[in-house]
Amino acid sequence: MQGRGGPREVGPRLRQISDYAWRILLLGGFGYVLFLVAIRFELIFVSLFIALIFTSLLRPPVKLLSRFMPRSLALVITALGGLGLIGGLFWFAGDSIANETSGLSTEFHSGVTRIEHWLEAKPFHVNPSTLSGLQGKLTSYISGHRTTLINQALNGASRIVDVLTVLALAVFCSIFFTNSGDKMWHWFHDQLPDSVSDTWRRCGTAAWHTFAGYTRGIILVSAANAIMVGVALKLLHVPLVLPLTMLEFFASFIPLIGSPIAMAVATVVALASQGVTTAIIVLVLIVVFGQIEGHVLQPFVMGWAVRLHPVVVAVSVIAGTISAGLLGAVVAVPLVSITWAVVRELRTESDTAETATTALPDPRRSGNEDREVPLGLDEERAEGEQPVGAAVEVAGSAGDLVDEGGSAGEDRVEDGAS
């Protein structure tokens, strides 16, 4: 751009903003490409994600058992025990549903009748014809869209094959990750150039510690929520206690919104089976358990592993849900936590390098002046340098004595001559 005084130079602030802008755009484009690749190979990425979850859970007991037996045997025992525990829980849940099916239909029918009478009474005064009209519309909708509903159910059933494939691949990968994951990481680390190998090592360690801490923490929080919900529903005589407890456990993997959704389902079951009073009590328990999770369990169990503000967690969950549905809601928070851990590690490395640069001695300063020990030297090397400095000081002091002695001798010679 030509001005009166010639071409105008770009200001330093605008140049700095533009430098940041193109870097942010480059990182955003790279992240978007990764997202498209992940969506294209969704089953593989989901399998690897679940495999890492299994690995973070298997490593502590395998490490403990490997002290008393070979590592391979410890891995087999731990894996079979975990599969047996999960399979047993699902078997008991299915058995509970099968045993209570006969009585549930009667309870729900009477519960719906009680809800209708409650809505028709004070303070709602709903017209009975309105409720009958809603039931008729629901029945006609189901009849008119029966083919569509059946096709959706069949499509959902076909996804069972994908689910089984994902679980099989996840178990297969988790066994190798647990048994020889360190060797895999060291092999990958050895393929990197020496200039970036240390950075990758530090970032990888930080990412794994964050992911493993988040996984173990969220499982402990989910188990605590499930136990509290199960005990409360059992005391309130709500049916389907075990299935609702398992629903609470798995829903708690979605922070902030998962547990209230599961409790809302329990409220509907309590309303249909036990009445309005029990449903209100369950609604109150939603608030109580939410406060316990947010102010006690989350800070105590996961505060050391995940240092994210609740606003960041909420935005991450919503963004993940919009972009990838339920799967995105589950993986959003751990991905953001890992990203933040890596960023902190890179910032720490940058600050350490800057501190080390500022601590280096100035070559223009004289050798007799005090010099700082560069960052990175251990205490033994620092202590080893102290005698050298002391020797320099002794040598300097001896030189001063020699100079003083020489000057005194010259003075005595001059006095004798005079």
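Restricting to segment 255-272, what's the tally of residues that are more than 22 Å from P299 (Cβ to Cβ) and either of a type in the set (S, T, N, Q) or touching a residue at least 24 places away in the same chain (Cβ under 8 Å) (or both)?
Residues in segment 255-272 being more than 22 Å from P299 (Cβ to Cβ) and either of a type in the set (S, T, N, Q) or touching a residue at least 24 places away in the same chain (Cβ under 8 Å) (or both): 6 in total.
Between residues in segment 23-40 that are touching a residue at least 24 places away in the same chain (Cβ under 8 Å) and residues that are among the hydrophobic types (A, V, I, L, M, F, W, C) and surrounded by 10 or more Cβ atoms within 10 Å (Cβ to Cβ), which pairs lie under 8 Å by C-beta distance while being six or more apart or on different chains?
Sorted first by the residue in segment 23-40, then by its partner, the pairs are I39/A324.
When H125 is evaluated against the numbered criteria (1) in contact with a Leu (Cβ under 7 Å, 6 or more places away or on another chain); (2) on the phi > 0 side of the Ramachandran plot, which criterion, by number, is the only one it fails?
Answer for H125: the failing condition is (1).
Might you let me know whether segment 155-174 holds any residue that is touching a helix residue (DSSP H, G or I) at 6+ places or on another chain (Cβ under 6 Å), within 30 Å of L80 (Cβ to Cβ) and among the hydroxyl-bearing types (S, T, Y)?
Yes.
Checking the condition within 23 Å of V331 (Cα to Cα) and surrounded by fewer than 11 Cβ atoms within 10 Å (Cβ to Cβ), which residue from G11, G87, G29 passes? First the steps, then the outcome.
Details: G11 fails: within 23 Å of V331 (Cα to Cα); G87 fails: within 23 Å of V331 (Cα to Cα).
From the options G11, G87, G29, the qualifying one is G29.
Name every residue in segment 259-271 that is among the hydrophobic types (A, V, I, L, M, F, W, C) and surrounded by fewer than 20 Cβ atoms within 10 Å (Cβ to Cβ), in order of residue number.
Within segment 259-271, I261, A264, V265, V268 meet the criteria.
Counting only residues that are surrounded by fewer than 16 Cβ atoms within 10 Å (Cβ to Cβ) and of a type in the set (S, T, Y), which one in segment 298-349 is farthest from I254 (Cα to Cα)?
T348
Tell me, please, whether a residue that is touching a Gly at 6+ places or on another chain (Cβ under 7 Å), within 29 Å of A223 (Cα to Cα) and in contact (Cβ under 8 Å) with a residue 60 or more places away in the chain can be found in segment 66-73.
Taking every residue of segment 66-73 in turn, none turns out to be touching a Gly at 6+ places or on another chain (Cβ under 7 Å), within 29 Å of A223 (Cα to Cα) and in contact (Cβ under 8 Å) with a residue 60 or more places away in the chain.
Considering only segment 10-120, give the helices (runs of 4 or more DSSP H) lying wholly within it that have at least 2 residues that are at pLDDT below 90 and of a type in the set (G, A, S).
So the answer is 12-40, 71-120.
Considering only segment 127-246, give the helices (runs of 4 or more DSSP H) lying wholly within it that have at least 2 residues that are within 22 Å of the chain's Cα centre (by Cα) and buried (at least 19 other Cβ atoms within 10 Å of the Cβ). Write out each step before concluding.
Values: elements: 128-144, 146-190, 194-235.
Where helices (runs of 4 or more DSSP H) fall fully within segment 127-246 and carry at least 2 residues being within 22 Å of the chain's Cα centre (by Cα) and buried (at least 19 other Cβ atoms within 10 Å of the Cβ), they are 146-190, 194-235.
Please state which one of F68, F35, F49 is touching a helix residue (DSSP H, G or I) at 6+ places or on another chain (Cβ under 9 Å) and surrounded by 17 or more Cβ atoms within 10 Å (Cβ to Cβ).
Sole residue among the options that is touching a helix residue (DSSP H, G or I) at 6+ places or on another chain (Cβ under 9 Å) and surrounded by 17 or more Cβ atoms within 10 Å (Cβ to Cβ): F49.
Is it fair to say V76 is of a type in the set (V, I, T), more than 25 Å from T278 (Cα to Cα) and in contact (Cβ under 8 Å) with a residue 40 or more places away in the chain?
No: the conditions fail for V76.
The values are calculated or read from the model by the stated rules, or taken from the named source; none is laboratory data. These numbers were taken from a predicted model, which means no experiment stands behind them. Using ideal geometry, Cβ is built from the backbone for each residue, glycine included, and neighbour counts are taken over all protein chains shown.
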